[in-house]
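Everything on this sheet refers to the single structure shown next.
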Amino acid sequence: VHMGSNATKTLSVGDATAIQQQIPFVTRVSAGVWAQGQIVYGNQNWNTSVRGVSPTYLDIRRWPVAEGSTFTQHDVDSSANVCLLGRTVVDNLFADEDPVGKTIRVQNLPFRVVGVLASKGQSPFGRDEDDTVIAPYTTVQKKIVGIDWLNYIMCSADSQQDIQAARQQISGLLRDRHRLRPDEDDDFIIRSPNDLANAQAQAGRIMT
């Protein structure tokens with residue numbers, strides 16, 4: 001679930017909690033906040049995306065930790081300065097040095113590296129998935145971008161067959177929570193894997 005193009009602060013942590021509790025087809029939910037930041041270790045620096053998420057995010061993305069461990073719900077609750085690094089960030093900051101346990105600076109804030117993510121490669125749209133830092137969403141929300149809303153909410157359904165039903169139920173729930181009248185447009189966008197696959201196919205046809 002993403003914010004609509006004209007929205008600034010429509011999605012909340014309460015929305016994510018409501019989806020988890022009230023949509024039976026949804027098995028996992030992660031809050032999401034996004035930023036772009038300069039990452040520094042020693043005399044090396046790298047500009048990358050910083051994703052603030054819930055601990056369930058890696059399960060939803062099926063993204064294992066290759067070294068170290070992930071952060072916990074306690075880290076989220078306490079807005080801890082801990083993070084996971086993608087392989088591209090590790091390669092550019094640490095070379096052959098083990099990053100786990102080291103302290104990096106994310107926009108001048110110290111973060112302890114608790115783990116390194118397994119390499120994921122490129123997204124369907126050609127973006128380097130490993131060029132990222134992942135941290136508790138509360139930490140990114142409060143200490144890096146300074147907002148009290150979410151940029152997106154990521155969910156997983158219990159089966160592929162239930163994605164459409166989950167999508168419809170989430171839409172109804174959010175419209176109700178956001179007090180939208182029947183004649184008002186959604187102030188959010190819901191994207192499913194099928195939407196992304198269709199967009200990729202359309203991009204391929206345009207390039208051809």
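The values are calculated or read from the model by the stated rules, or taken from the named source; none is laboratory data. This is a predicted model, so every value here is computed, not measured. Counting neighbours? That spans all protein chains shown, and the Cβs are built from the backbone with ideal geometry, glycine included. Heads up: the accessible areas ignore ligands, DNA and RNA and are worked out on the full protein's heavy atoms, side chains in. Shrake-Rupley method; radii C 1.70, N 1.55, O 1.52, S 1.80 Å.
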What distance in nm lies between label points placed 7 Å from Cα along the C-beta direction at residue 181 and residue 59? 4.1
Around residue 137, with a cut-off of 12 angstrom between Cβ atoms, what is the net charge of the other residues, counting Lys and Arg +1 and Asp and Glu -1? 0
Residue-averaged 222 nm ellipticity for the chain, from DSSP H runs of 4+ at -39500 (n - 2.57), nearest 500: -8000 deg cm²/dmol
[x] 172; [y] 162; [z] 139, with the label sought being that of the calculated volume of the Cα convex hull per residue in Å³: [z]
In nm, to one decimal, how far is the modelled label at residue 72 from the one at residue 13, with both set 7 Å along Cα→Cβ? 1.8
Suppose R0 equals 45 Å; then what is the FRET efficiency for residue 161 and residue 47 from their Cβ-Cβ distance, rounded to the nearest 0.05? 0.65
Leaving ligands, DNA and RNA out of it, rank 183, 158, 131 by accessible area with a 1.4 Å probe, largest first. 183, 158, 131
How do 136-142, 33-39 rank on mean C-beta neighbours within 10 Å, highest first? 136-142, 33-39
Roughly to the nearest percent, how much of the accessible area of the chain is carbon and sulfur, given a 1.4 Å probe? 48
By accessible area with a 1.4 Å probe, ligands and nucleic acids excluded, highest first: order of 178, 74: 74, 178
Among the aspartates and glutamates, select those whose C-alpha is under 17 Å from the C-alpha of residue 143, and discard any that sit fewer than 8 residues away in the same chain. 75, 77
Quick one: accessible surface of residue 46, probe radius 1.4 Å, all protein chains present, in square angstrom to the nearest 10. 70
Rounded FRET efficiency, nearest 0.05, which uses the C-beta distance separating residue 109 from residue 149 and R0 of 22 Å: 0.60
Using the Kyte-Doolittle scale, find the helices of the chain whose mean hydropathy is at least -0.5 and whose Cα atoms extend 18 Å or more along the helix's long axis, counting only whole DSSP H runs. 193-207
If you rank 48, 17 by how much accessible surface each has, with a 1.4 Å probe, what is the order from largest down? 17, 48
